[in-house]
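The structure appears right after this line, and notes come after that.
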Amino acid sequence: MLDLFDKRERSEVFRDRLAQAMRRADVNRSELARRTGAVRSTVAQLLADDAARLPNAHLAACCAQVLGVSADWLLGLTDRPERPGDVIAAAMSVTQAARASWDDELLDWHREAAGYKIRHVPATLPDMLKTEGTLRWEYERALGKTAEQAIGAMQDRLNLMRQNQSDFEVAVSLGELHAFAAGQGYYRGLAAEVRREQLEVMATAARDFFPSLRLFLFDSRRVFSAPISVFGPLVGVVYIGRFYLSFRSRDRVRMLTEQFDSLVREAEVDARDASGWLQDLAATVGE
């Protein structure tokens with residue numbers, strides 16, 4: 001059953017929250033009256049300790065607009081002072097995505113999530129496990145730098161991520177790995193020796209860094225995922241090419257976590273077996 005305030009209780013809530021919002025916005029009575037189009041005596045009555053005065057809907061809305069809060073909050077209908085649009089903007093943001101893993105935004109999320117588990121579904125192979133040969137081939141034409149500058153910058157930042165205190169869970173498509181081994185599709189033109197070395201390095205990392213690094217291999221014909229990263233309970237990120245969609249809403253982060261966990265449950269190759277599987281795949285390169 002809905003709990004109803006009487007007028008005096010409602011006016012007390014409004015008075016206290018209006019005064020609080022005015023202090024935060026550094027707006028005095030005269031300025032609030034001027035900016036809302038009210039007379040100063042009306043504002044004074046709303047703030048008077050002994051008054052059971054409530055504004056009309058128009059004045060309540062104007063006060064909320066001037067002070068950057070929601071009218072519902074001023075009237076005690078919600079405990080969140082943000083306006084609905086501000087809540088959405090705070091919960092989701094769109095930022096430009098660099099093509100390489102030294103993107104400052106990406107690294108800031110890694111630092112923020114230090115100590116939490118980081119879950120990742122890469123667009124291709126995991127950047128933090130790529131060899132210099134793969135990086136050179138993949139990024140040389142796209143970065144506007146010399147290959148040496150690009151590789152050096154990336155390795156510096158990858159080392160920072162490797163030193164992070166977080167555990168990493170990474171889910172990679174089996175189809176992506178088979179295409180890589182065969183040099184097909186996106187990987188057409190990548191030399192066999194580079195592909196073999198890359199798979200061997202991933203196999204070694206999956207063995208040597210386990211369980212801090214857990215690599216799961218899933219069949220995208222059975223279960224699909226867009227490229228996502230989930231930084232503990234803090235931030236969930238979807239990569240859509242030129243942009244990241246990042247979410248801080250607890251519900252949205254939980255949804256992306258559940259998406260990742262579904263890949264783990266459906267994985268064809270468990271993290272304990274990933275190293276051996278990758279080593280076997282590396283042996284087929286060039287056959």
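Key figures for this structure:
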{"quantity": "Sites ASN56 and GLU258, calculated FRET efficiency, Cβ-Cβ separation with R0 30 Å, nearest 0.05", "calculated": "0.10"}
{"quantity": "Those trypsin sites (Lys or Arg not before Pro) in region 168-216 that DSSP places in a loop and that have at most 15 other beta carbons within 10 Å", "calculated": "ARG188"}
{"quantity": "Gain upon complete extension [VAL39, GLU268; 0.36 nm per residue less C-alpha separation]", "calculated": "75.4 nm"}
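The numbers here are math on the coordinates, done by the rules we state, and not lab data. Nothing here was measured: the structure is a model prediction, and the numbers come from that model. Note that we place each Cβ from the backbone using ideal geometry, even for glycine, and neighbour counts take in every protein chain shown.
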